[in-house]
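Report on one structure; see the data block that follows.
The values are calculated or read from the model by the stated rules, or taken from the named source; none is laboratory data. Bear in mind the structure is a predicted one, so any value in this text is a computation, not a measurement. Glycine gets a Cβ as well: all are built from the backbone with ideal geometry, and neighbour counts include every protein chain shown.
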Amino acid sequence: MRAILLGLAALALTTAADAATPPAKASFEVRLIVACKPGEATLALIGSNEELCLAKDKVLDGSDIIRVDRYPTVPKAVIEITQAAADRLFEVTSTGDGEQRLGFVFNGKLIFAPYVGSPIKIKQLPLTLKNDPDDIDALVAAFPGDMAAK
């Protein structure tokens, strides 16, 4: 009986400690894809065999996201960003040569790297993802939204 009580007390302490620990904050950023320099760290693009390098400066990050919605039937998400972020994105993509690529990084994984053929002037960025559905769900959960409310 004493062993059971000790076990329950340990479980209660563990549960209380887990409850006191805030959930890990999701990290999200968008950077330009750049040519890799010798010895530079690369990121593997999920769903492909590409290894890519990212620019040092961020175009936008998680603080710029209003919410993320998931399409119900396809592996696609829509990221809604602030107007200030949309303005920065337009500025960065206006100076490209049509061969620019943006790297979308979520929790340290390169999840999307589209080519940018013309300036992007929108607040809702559609991402077609080749990720595991759990990764898409994690992105939506980190920045919740509701497409039905639109």
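At a glance:
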| quantity | calculated |
| --- | --- |
| Some residue of the range 84-95 being part of a loop (DSSP other than H, G, I, E, B), modelled with pLDDT under 90 and farther than 16 Å from LEU129 by Cα | yes |
| Tally of residues being part of a loop (DSSP other than H, G, I, E, B) and modelled with pLDDT of 90 or more across the range 121-143 | 3 |
| Lone qualifier among LEU54, LEU110 - being touching a Gly at 6+ places or on another chain (Cβ under 7 Å), assigned to a strand (DSSP E or B) and more than 26 Å from PRO144 (Cβ to Cβ) | LEU54 |
| Residue that is under 18 Å from the mean Cα position of the chain (by Cα) and surrounded by fewer than 19 Cβ atoms within 10 Å (Cβ to Cβ), where the choices are ALA138, ALA77, ALA84 | ALA138 |
| Search result, residues across the range 89-131 that are over 20 Å from LEU52 (Cα atoms) and without any contact (Cβ under 8 Å) to a residue 24 or more places away in the chain | GLU91, THR95 |
| Residue within the range 61-77 that is part of a strand (DSSP E or B), farther than 15 Å from VAL140 by Cα and touching a Lys or Arg at 6+ places or on another chain (Cβ under 6 Å) present | no |
| Pair list, Cβ under 9 Å, 6 or more apart: the range 67-78 residue under 12 Å from ASP135 (Cβ atoms), other residue among the polar types (S, T, N, Q) and assigned to a loop (DSSP other than H, G, I, E, B) | PRO75/ASN131 |
| Boolean, VAL105 is in a strand (DSSP E or B), at pLDDT 85 or above and either touching a Pro at 6+ places or on another chain (Cβ under 7 Å) or among the hydroxyl-bearing types (Ser, Thr, Tyr) (or both) | no |
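Matching residues to (1) more than 16 Å from the chain's Cα centre (by Cα); (2) at pLDDT below 90:
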residue	(1), (2)
ALA19	yes, yes
PRO22	yes, yes
ILE33	no, no
LEU43	no, no
GLY47	no, yes
GLU51	yes, no
